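Remarks on the structure that follows.
The values are calculated or read from the model by the stated rules, or taken from the named source; none is laboratory data. Everything numeric in this text was worked out from a predicted model, so none of it was measured. Don't worry about glycine lacking a Cβ; one is built from the backbone with ideal geometry, like all the others, and counts go over all protein chains shown.
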Amino acid sequence: MVYDPRKTLKNSEKSQLCDHVNCNKVAEHRAPKSRENLREYYWFCLEHVREYNKSWNYFEDMSEEQISTYRHNSATWHRPTWDLGNKNQNSQFKIKEPYGLFNGETDNNTERSNSRRTTTTAPVAKALNVMSLKPSASPTEVKDRYKQLAKKFHPDLNSGSKDAEERLKRVNEAYSLLVSSGYV
């Protein structure tokens with residue numbers, strides 16, 4: 001009877017024989033075939049995989065400069081990168097940014113915010129009036145005023161007064177309108 005190493009594995013799994021010439025041992029270890037394709041393997045027994053590993057050099061046929069470049073690029077997983085802050089250097093990467101928040105299109109943010117506050121619509125002006133604020137009020141002033149009025153007219157602090165409850169409803173509606181309109 002001839003010994004067949006494939007029949008010795010558990011669960012009747014088929015095994016591979018060593019890829020080394022004239023070796024009939026079971027191949028349990030894999031080794032990459034080339035640097036270009038690391039997903040194709042040779043299968044070796046323990047003795048031959050040790051021999052293969054001693055002789056295999058990933059950086060074979062590469063110059064010192066190529067090795068240095070490879071090592072540098074491995075820090076970013078060989079993905080393209082560019083220097084932070086150099087927007088014009090990489091024309092391939094552009095973000096559509098309608099409000100100019102992250103690029104240098106507007107030199108001062110106060111221009112945009114002031115123009116918005118001077119041209120208030122009728123509902124926004126009415127909401128600001130309900131909260132006793134001027135049209136030039138900043139978003140932080142609106143938020144602070146809302147907190148003050150919500151505390152002042154809260155039903156728990158006014159013994160369930162219907163007038164305070166109605167006033168709180170109007171303040172809540174006004175603040176909701178200011179938030180939805182983008183004022184706050």
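Can Y52 be described as surrounded by 10 or more Cβ atoms within 10 Å (Cβ to Cβ), touching a helix residue (DSSP H, G or I) at 6+ places or on another chain (Cβ under 9 Å), at pLDDT 90 or above and among the aromatic types (F, W, Y)? No; evaluated as a whole, the condition is false for this residue. Counting only helices (runs of 4 or more DSSP H) wholly contained in the range 61-167, the ones carrying 2 or more residues that are at pLDDT 80 or above and under 30 Å from L178 (Cβ atoms) occupy 122-130, 139-152. Within the range 7-30, does at least one residue satisfy the condition of being of a type in the set (G, A, S) and modelled with pLDDT of 85 or more? Within the range 7-30, one or more residues are of a type in the set (G, A, S) and modelled with pLDDT of 85 or more.
Which of the residues belonging to the range 23-53 are within 24 Å of I67 (Cβ to Cβ), part of a loop (DSSP other than H, G, I, E, B) and of a type outside the set (G, A, S)? Of everything in the range 23-53, those that are within 24 Å of I67 (Cβ to Cβ), part of a loop (DSSP other than H, G, I, E, B) and of a type outside the set (G, A, S) turn out to be K33, R35, E36, N37, L38, R39, E40.
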